[in-house]
Structures are given as C-alpha cells and as structure tokens.
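Structure first, commentary second.
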Amino acid sequence: MKAFTALAALALASSLAFAQSAATFDPAAKVFRIDGGHVSYVFGVNPRGELQQLYWGGRLGATDSFPEAKPMPDWASFDSSYTNTPQEYVGWGAGLFSEPALKVTFADGNRDLVLHYVSHSKTDDGFDVVMKDIRREVYVTLHYRIEPVSGILARSATIENREKQPITLEQVAAAAWALPPAHYTLNYLTGRWAGEWTLTQEPLHPGERVIESRRGTTGHQANPWFAIQEGAPDENHGEVWFGALAWSGSWRITVEQDQLDEVRVTGGFNPFDFGYVLHPGEKLETPIFYGGYSAHGMGGASRLLHHFEVDHILPHRAGPNVPPKPRPVIYNSWEATEMNVNEAGQMALAEKAAALGVDRFVMDDGWFGQRKTDHAGLGDWYVNPEKFPHGLKPLIDKVHSLGMDFGLWVEPEMVNPDSDLYRKHPDWVLNFPGRPRSEMRTQLVLNLARPDVKEYVLGFLDKLLTENDIAFLKWDYNRNWSEPGWDQLPPNEQKKVYVAFIQNLYSILDELHRRHPKVELESCSGGGGRVDLGILKYADEVWPSDNTDPFDRLTQQDGFTYAYTPQVMMAWVTDSPHWMNLRATSLEYRMLSSMQGSLGIGANITKWTPEDMATAKRLIADYHQVQPTIVQGDLYRLISPRNGSEFSATQTVNKDRSQSVVFLFIHSTQEGRLFPRLKLQGLDPKTEYTLTPIEGKAAEQTPATASGAWWMHHGLDMDASFRGDFKAAAFRLDKK
Ligand code: GLA
C-alpha cells in the first residue's frame with residue numbers, strides 16, 4: 001500500500017485550510033475516526049464486537065464525538081440484527097443475507113464466519129484493525145489510510161489463515177462502504193470495444209446493481225468506478241460519494257439498497273469462478289478500494305479524484321514528491337500504416353511528425369516476428385529482418401536526430417498459435433487440457449501466473465529495453481480470457497490464476513521500472529479495456545478507445561473524466577472521413593477534440609496538405625503552451641455532450657487560477673440558434689483575465705480583459721459565425 005508521506009502532505013497542504021489528516025480512537029466508546037481534507041470517516045466496535053460503520057461524509061467538528069456503536073435491531077424474525085447492521089467487513093455467517101466481504105469454506109466443511117474486533121494499531125494517516133473469527137484462527141486486518149488533501153481513503157484487507165488446515169476463500173472484498181437511507185443517483189461507466197466510457201446515471205432502487213468484469217482483466221464493458229449522489233444528478237452541487245478499485249483482473253462492485261434502505265457498496269475480487277486456497281500460515285492481500293466524498297457535485301468529485309491520481313497514483317519517475325509532467329505530444333503510426341511498418345515508411349512519418357512539433361514518435365504493431373497480419377507473430381519478440389534489416393537502431397537514431405524520443409508497441413501477455421513461441425511452448429497458454437482453446441483475434445492468452453511465462457515476458461522486455469534506446473512502451477492486451485485453466489496446480493487450487501496472473505503482471509511492471517526507471521508506459525487493451533487505479537500505478541497514460549472519431553470522443557472523454565484525469569487520457573487526431581462513422585470533420589475540429597486530453601497525432605501525415613501541416617503545427621504550439629492547465633488543472637464540464645446535446649463545452653483552471661482554457665463544440669446548429677452564453681467557473685473573481693482565441697472568435701462586444709467575476713457571472717458570448725455542423729472553438733484566459 002502506498003503511504004502518503006508526511007513531506008508530500010506538507011507540500012500539498014500549504015494552500016488548503018483542511019489539508020490535514022488525523023486518526024483518533026476513543027477507547028471509552030470504541031470509536032475510530034479518520035479525518036482528511038473535507039472528509040470524516042467513522043466506525044466503531046459495537047457491543048457484539050462487530051466493526052460497525054457510523055459515518056462517511058463532510059468533515060465534522062474537531063470536538064464532535066460518537067457514542068458506542070449501536071447495532072440495528074432485528075426486523076421481525078426474517079432480518080436479524082447481524083444482517084441489518086452495516087459492517088466494515090462482514091463475514092458470511094450468522095444469517096447474513098446482504099453481500100459478504102468474506103466467504104470461506106473450512107477443511108471440515110464449516111462455512112460459517114463471524115469476524116469480531118481484536119486489536120488495532122494507529123498510523124499518522126489511518127489504522128490497521130485486526131479482526132478474527134469468533135472460533136477459528138482466521139484473521140483479517142483492515143487497512144485504512146487517508147490522503148490529507150483530498151480526504152480520499154485507501155482501504156484494503158489482509159486475510160490470514162492460522163488454522164492447521166487450508167481454507168478456501170470464495171469471496172474476498174477489499175472493502176465495503178455504507179450510506180444511510182436517502183434518495184440517491186448511482187453513476188457508473190459502461191461500454192464495449194470502440195464505445196467505452198458511457199456514463200449511466202440512474203436512481204438507486206432496492207436490490208442490488210452489479211458492476212463487474214469476469215474477463216480476467218478490467219474490461220471495456222464496465223469500469224471499476226462508481227459515484228453515488230444524493231438526489232438528482234448534478235454537476236456542480238450536492239453530496240457525492242465515489243470509489244475506484246485498484247485491480248486489473250476480474251473485479252466486482254455491488255451497490256445494494258437493502259431491506260431497510262441502507263446502501264452498501266462492496267468491491268474486490270470478482271467472486272465468480274473464484275476460489276483461493278490459503279494454506280496454513282499464508283496471507284492474501286486484497287487490492288485497494290479508494291473512496292472519497294465531495295460536497296460539490298459530480299464535478300467536485302472528479303476534480304478530487306483527478307488531483308489524487310496525479311499526486312498519489314501515477315508513477316512519479318522524477319522522484320517521490322515530484323508529480324508527473326504533462327505527457328509528450330506523440331505521433332503513433334497505427335492508423336497510418338497498420339502492420340505495414342518498415343524502416344523507410346516510419347522514417348518518412350517521423351520527418352513529418354517532427355515538422356509538426358511532435359515530441360515522441362511511436363511505432364505501433366507489426367515490427368516483430370513474422371507479423372504481417374494479426375494471424376501470426378505475437379510472442380516472437382525479435383525485430384523482423386525484412387522490415388528492419390539493420391534492427392531498430394537506424395529508425396531510433398533518425399527519430400532522435402529529429403528531436404523526438406522513441407516509443408514502441410508490445411503485447412507481452414499474448415501469443416498467436418502461428419508463432420515460434422507457441423510451437424515451442426503450447427502449454428504456456430491459459431487452457432483446460434483436452435478442451436478447445438478459444439481464439440480471439442487469432443490469439444491466446446499466455447498464463448502469466450506461471451513462473452516460466454513470467455520469466456520469459458520479463459526477460460524479452462528487459463532485453464528489448466536494454467538493447468534499444470526506447471523511452472516508451474505502448475503495452476497492449478487485445479483479448480479477454482477463456483478456458484482459464486492452470487494445470488500446473490492441483491485441481492482445487494487452479495482458480496488462483498485470477499489473482500496470481502495480475503500479481504505477476506504488477507511484479508513484472510515493478511521490476512521493469514526498477515531496471516529501466518525512465519521508460520514510460522501506456523496501458524492499452526484494444527482501446528480502454530485496461531484502465532483502473534491498479535494499472536495506473538505503473539502506466540503514465542492510457543489509450544481510452546480505438547475509436548478516434550472526434551465527435552464520438554467528446555462523449556467518451558466526458559465519461560472518462562468522471563473517473564480518470566485528462567493527464568492520462570491520450571487523444572489522437574486521425575484522418576477524415578473517419579473509419580468508424582464515415583463522418584468528415586475539419587482538422588480544427590479534430591485537433592480541438594483531442595486537445596482536451598493528452599494530445600497525439602495518429603493520421604497518415606504523409607498525405608497531409610501544407611495547409612493541414614500548418615494548422616496542426618500552430619495548434620500543437622498553442623497546446624504546448626497551455627497543456628499543464630488542460631491536463632492537470634481543475635476540470636469543469638460546462639455543457640455536457642451527452643444525449644445528443646447540440647452544444648458542449650469544457651473548461652480547465654490551473655492551480656493558482658492564473659490561467660484557464662475553454663473548449664466549445666457545436667454538434668449541429670438548428671434553427672440558427674447561437675451558442676449559449678457560457679458562464680465560466682473556478683476563476684478568481686477579483687483577478688483580471690485577458691481572453692485570447694486559440695481557435696474561433698468571441699462576439700465583437702466581448703471585452704479583451706475582464707475580471708473573473710465578469711467571466712463567471714456575465715459569461716462569454718460567441719460570434720454569430722460560430723454555427724454549422726461539427727464546429728469547434730477554444731480560448732485561453734490569462735491573468736493580466
Ligand atoms: C489495439 C490497439 C490499437 C493498435 C492495435 C495494434 O487494437 O488498441 O491502438 O495498437 O491493437 O494491433
């Protein structure tokens with residue numbers, strides 16, 4: 001678990017009144033209280049010895065105290081006090097009907113588990129609380145760490161078997177969160193390949209809503225993030241409780257409104273097909289389930305999460321307390337050349353990319369093994385001698401001579417049956433012996449849980465990075481699991497693969513980071529199939545979607561930013577008409593759509609006209625100037641592009657409120673309607689700001705300079721020429 005160092009806290013604390021954390025235990029009432037940022041989290045030991053949730057929300061007064069936790073009463077003979085009482089980490093036993101945090105089968109067939117408080121230890125920013133089954137030697141340590149600026153709480157659990165026999169863990173959550181009865185809106189993100197990041201907002205009803213992946217990986221179809229808002233959805237106002245699970249394997253978050261209308265959110269390993277055998281003396285650590293609270297609507301919640309991710313999740317390659325820099329502007333070859341890469345072609349693209357002001361040139365799929373189509377080559381990580389007769393060095397040298405650094409695509413966890421690796425090691429893939437091996441994209445999944453596979457993957461990556469001057473890897477993962485067998489282990493232990501695979505993935509990434517600390521990573525999985533707070537501890541950026549249609553991207557990016565910071569949101573400008581929707585858009589529109597995140601170019605720029613080159617070059621230069629504000633500032637979603645909205649707009653403001661950037665988009669003007677007056681947010685009302693167009697024109701009467709109060713209360717009017725289909729404009733505001 002990542003500790004929030006006192007030094008980091010101090011540095012960040014300076015600008016915020018509430019930037020302090022405290023962890024206190026009241027021994028008389030047996031109540032734990034954790035404060036950080038604007039948040040308090042409270043739980044206690046009730047008279048039965050259970051850990052009972054008491055409060056999660058806005059920060060309470062320093063002298064406020066809680067009496068001893070009082071269990072909820074029975075509800076007739078059908079719902080016992082045990083099931084009604086919201087517990088921090090409840091075992092399945094004693095008549096529990098809601099989601100358990102932990103469900104166990106003992107060697108003698110007993111499946112009853114009731115966890116009671118044993119002891120605790122305090123740290124500067126939280127507690128470790130030990131619980132134990134009432135009879136058996138099963139221990140659970142709950143970890144709580146609060147981050148002092150955001151008030152985001154990191155929770156996880158360690159399960160330990162001190163019995164003399166193995167036990168099988170069938171359901172293991174990282175944490176459970178509880179909220180009292182109220183009318184709530186549940187927010188979550190769903191999608192599919194090329195259609196990720198759909199924000200669903202629905203009233204919470206009695207029963208359970210399951211958000212999950214059973215795929216062995218995070219998945220495009222749902223993302224391990226939730227937000228619950230009291231009342232109707234509101235971007236700017238109201239209380240929001242949110243959470244995100246740091247795990248890149250099969251996961252599950254359940255949101256229950258129980259029989260007494262209490263809300264419980266439980267998340268961790270997906271219990272589907274789960275069964276982890278814990279031998280005597282062994283422990284299992286769960287992933288971390290982060291949780292936070294904002295009193296400022298969905299916008300406030302996502303701003304807290306964005307800053308937390310940049311400050312505490314993403315790799316800090318320049319030192320523990322140095323936040324990551326904005327991403328280099330990249331060029332990526334995929335949409336231009338697909339797998340038809342070769343030295344001359346990539347060099348031609350690199351020359352054009354450098355002329356645009358791009359910082360990093362990335363060669364995508366196709367450079368290795370016998371890779372001509374997606375039918376062959378995965379697993380054989382030698383440079384293809386026909387395409388690159390002199391290895392990668394001439395291309396890398398050329399890219400460096402053009403003033404860019406070099407990045408490369410890899411897909412380390414996969415193999416094509418048509419590969420030397422598979423011919424040599426057919427037993428290395430996930431499979432059940434004697435059963436068919438389902439191919440997807442003509443590839444199979446290497447079983448990374450196997451020590452030999454882990455060694456192979458680490459070995460080839462280390463060699464690649466040692467022998468070549470590579471600054472960046474785009475790490476892809478282009479299918480989900482099938483037939484997840486691991487026949488090296490006894491049959492009853494094979495399901496361990498769900499945990500061991502991901503642990504080994506993280507351990508490879510850790511080791512690569514140790515050996516090649518400067519090499520940066522992108523997490524890609526056919527677009528946004530592996531985006532979560534687990535992988536983001538190793539990945540500097542992610543590929544949100546293979547769909548680069550600039551209009552589709554507006555809603556995808558809108559959804560993405562509810563959970564993840566624009567710092568990691570790579571966005572390429574590609575060719576028009578776009579392959580996905582066959583829609584034609586202007587280069588300006590495409591550029592501005594991508595400039596809301598971390599900008600990249602992915603078009604076939606050898607075909608661009610001199611005018612295209614000039615437009616892109618100008619906008620990349622503008623982008624470079626304001627990029628820190630866009631990707632690390634406070635994001636305000638002024639007008640949502642969702643639900644076919646005619647207009648949309650976003651705004652970002654930097655930390656000291658000296659700069660702001662605004663993006664405006666028109667879907668299709670109807671009946672001559674002008675873009676609505678846009679009231680900005682987050683500025684300092686007393687500071688004078690100068691408005692400078694990046695693209696487009698404000699209305700003639702717009703002042704060149706006005707106070708923050710003016711821009712926020714009066715707002716920005718657009719020129720009447722800002723009409724039509726797929727139009728975009730952008731402005732910067734700078735402190736005078
Ligand atoms: C995936 C990625 C693409 C590209 C291809 C290469 O689909 O998402 O960006 O790298 O693989 O095969």
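The values are calculated or read from the model by the stated rules, or taken from the named source; none is laboratory data. These numbers come from a predicted model, not from an experiment. Ideal geometry is used to build each Cβ from the backbone, glycine not excepted, and the neighbour counts take in all protein chains shown.
Checked against the criterion of being within 16 Å of the ligand (Cβ to nearest atom) and surrounded by 22 or more Cβ atoms within 10 Å (Cβ to Cβ), the candidates Asn332, Asn340 yield just one match: Asn332.
Among the residues of region 556-574, just one is within 16 Å of the ligand (Cβ to nearest atom) and in a loop (DSSP other than H, G, I, E, B), namely Thr574. For region 347-357, does any single residue satisfy the condition of being within 16 Å of the ligand (Cβ to nearest atom) and either surrounded by fewer than 16 Cβ atoms within 10 Å (Cβ to Cβ) or not in a loop (DSSP other than H, G, I, E, B) (or both)? Yes, that holds for at least one residue. The set of residues in region 325-346 being part of a loop (DSSP other than H, G, I, E, B) and without any contact (Cβ under 8 Å) to a residue 12 or more places away in the chain consists of Lys325 alone. Just so you know, in region 397-426 the residues that are under 30 Å from Ala355 (Cα atoms), over 32 Å from the mean Cα position of the chain (by Cα) and not in a loop (DSSP other than H, G, I, E, B) include one that is farthest from the ligand (Cβ to nearest atom), and it is Ser401.
Pick from region 207-227 the residues that are farther than 29 Å from Asp261 by Cβ and among the small types (Gly, Ala, Ser): which of them is nearest to the chain's Cα centre (by Cα)? Per the criteria, the residue is Gly219.
Within the set Gly61, Gly49, Gly95, Gly57, the sole residue that is touching a Ser or Thr at 6+ places or on another chain (Cβ under 8 Å), of a type in the set (Gly, Ala, Ser) and farther than 18 Å from Glu256 by Cα turns out to be Gly57. Summed over region 413-452, the residues that are out of contact with any strand residue (DSSP E or B) (no Cβ under 7 Å at 6 or more places or on another chain) and within 26 Å of Ala539 (Cα to Cα) give a count of 7.
The set of residues from region 101-149 being among the charged types (D, E, K, R) and in a strand (DSSP E or B) comprises Lys103, Lys122, Asp128, Lys132, Asp133, Arg145. Just need a number here: residues in region 366-396 that are in contact with a Leu (Cβ under 9 Å, 6 or more places away or on another chain), part of a loop (DSSP other than H, G, I, E, B) and within 16 Å of the ligand (Cβ to nearest atom). Matching residues across region 366-396 total 7.
Pairing each residue of region 475-489 that is among the polar types (S, T, N, Q) with any residue that is more than 13 Å from the ligand (Cβ to nearest atom) and assigned to a loop (DSSP other than H, G, I, E, B), provided the two are 6+ apart or on different chains, yields C-beta distances under 8 Å for Asn480/Arg215; Asn480/Gly216; Asn480/Thr217; Asn480/Gly219; Ser482/Leu430; Ser482/Arg437; Ser482/Ser438; Gln488/Arg450.
When the residues of region 540-555 are filtered to those that are within 14 Å of the ligand (Cβ to nearest atom) and within 25 Å of His312 (Cβ to Cβ), the one that is surrounded by the most Cβ atoms within 10 Å (Cβ to Cβ) is Trp543.
Yes or no: region 29-36 includes at least one residue that is touching a His at 6+ places or on another chain (Cβ under 6 Å), surrounded by 15 or more Cβ atoms within 10 Å (Cβ to Cβ) and assigned by TED's automatic domain parsing to the domain that holds Val172. No, region 29-36 contains no residue that is touching a His at 6+ places or on another chain (Cβ under 6 Å), surrounded by 15 or more Cβ atoms within 10 Å (Cβ to Cβ) and assigned by TED's automatic domain parsing to the domain that holds Val172.
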